[in-house]
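Below is one structure; the comments refer to it alone.
The values are calculated or read from the model by the stated rules, or taken from the named source; none is laboratory data. What you are looking at is a predicted structure, and each value in this text was computed from that prediction instead of being measured. Glycine also receives a Cβ, built like all others from the backbone with ideal geometry; neighbour counts cover every protein chain displayed.
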Amino acid sequence: MTSNSGIPFVNHSRMKTAYSELLNAIQSARGGTFVWAIAPSGSGKSEIRQAILPALAGKQIYWPAGTLPLISVRAMANDRGKFNSKDLTLRLHHAVVEPDFSWLEAQDRTISTDAHHLHAEAEVNNELWKKVRATQSQPRLQHSFESVAKQRQLKYIFLEEAGTLTMVHLHQTSYGYMSNLVRLIEEIGCVIVMLATHTAESLWAGHPDVWNRSRFVYIRPYNLTNPQDERDFVAVLKGIGKNFNLQDPRILVKNADLMYANGAGVFGPTIDVVHRAELRRRNEGASSITEAHLHASSSSEKELGTVWSSVLAFNKLADQKPLNGEKRIADFLKRVGTGGVER
């Protein structure tokens, strides 16, 4: 089984938990809700999305005639490296009038998680859609999309790389884009699933109209200070090892600290170490990956500082404690200027 990078796919503990929690959050959300799937880069958000789409939609033969349960698009920074709302609207419109059903085959892990988006990219850049882009204003495109989406009884929109909405031009803010999405999903009556890293926080922070409509699923890295996480991480290493020709079947487990230091408990950068070691093995003409290959494939302290700082920033966001306990609640109400409810 392979993932979108040709790197072996391992359906590990975090992946299973995230799949279950995200599917539950989506299915229990009412129309007009944002469901956020927030995780460090490399956590497998695309793989989870790919697995959820067919589970959420059900078998196509049972869809009422003319309906479309969901669409999945990717936000792009293709306007001089910045987000463009008209481009996203065009992609939404294309997805609902010329749907690509390849995601229904997502149980086949050999299908790239990028295949659906690459097909859409080619389509929206053909002559027909270039003409639509050139001749239609953003508001008119959006009105048309909303009309078709309602006719087709669209229930769910998946937006990958949602953090791209923070990449705005000078004198612009992402809040305007988010306010427009609030209006759009309420008009259609659908749920929008936003897949992003912690850097997307500014899309909801300080914006009650977005926050009050939001549900969050945090896909956490493995934390080796937690005994269960440590056991699960070892299981991940064993699963990865089965997909490579290792000199010693336990070489990854024996070097668990090195693997953890490189990946910060995140699947993607963890398996990348072995991928680099495999390349070294091939370049040397060796028959198997050795411990020397593994150690030579470790990133530098400076590079790993970037990986860990990103994970720590994610943890800071995900670990915010809920307001509970009588004293904490009372103290909070005093700080915001109210004494609470008389009893």
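Key figures
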| read-out | value |
| --- | --- |
| Yes/no for Phe158 being surrounded by fewer than 18 Cβ atoms within 10 Å (Cβ to Cβ) and aromatic (Phe, Trp, Tyr) | no |
| Residue under evaluation Asn243, criteria (1) over 26 Å from Gly42 (Cα atoms); (2) modelled with pLDDT under 95, criterion not met | (1) |
| Cβ pairs under 6 Å, 6+ apart, first in the range 236-261 and under 13 Å from Leu224 (Cα atoms), second at pLDDT below 95 and buried (at least 17 other Cβ atoms within 10 Å of the Cβ) | Val236/His12 |
| Residue list for the range 234-289, filter: among the β-branched types (Val, Ile, Thr) and within 16 Å of Asn11 (Cα to Cα) | Val234, Val236, Ile240, Val266, Thr270, Ile271 |
| Close pairs from the range 67-82: first assigned by TED's automatic domain parsing to the domain that holds Leu118, partner loosely packed, with under 14 Cβ neighbours inside 10 Å, Cβ under 8 Å, at least 6 apart | Pro69/Gly58; Asp79/His169; Arg80/His169; Lys82/His169 |
| Test: residue in the range 205-225 that is assigned to a loop (DSSP other than H, G, I, E, B), closer than 30 Å to Ser28 by Cβ and at pLDDT below 95 | yes |
| Residue among Thr197, Thr135 that alone is polar (S, T, N, Q) and touching a Pro at 6+ places or on another chain (Cβ under 8 Å) | Thr197 |
| Filtered residues of the range 262-292 (kept if without any contact (Cβ under 8 Å) to a residue 12 or more places away in the chain and among the polar types (S, T, N, Q)) | Asn283 |
| Test: residue in the range 326-337 that is buried (at least 17 other Cβ atoms within 10 Å of the Cβ) and of a type in the set (Gly, Ala, Ser) | no |
| Total residues in the range 150-167, condition in contact with a His (Cβ under 9 Å, 6 or more places away or on another chain), assigned to a helix (DSSP H, G or I) and closer than 21 Å to Pro69 by Cα | 0 |
| Cβ pairs under 9 Å, 6+ apart, first in the range 305-316 and assigned by TED's automatic domain parsing to the domain that holds Thr199 and outside any helix (DSSP H, G or I), second surrounded by fewer than 17 Cβ atoms within 10 Å (Cβ to Cβ) and of a type in the set (Lys, Arg) | none |
| The range 33-46, residues that are buried (at least 22 other Cβ atoms within 10 Å of the Cβ) and in a helix (DSSP H, G or I) | Lys45 |
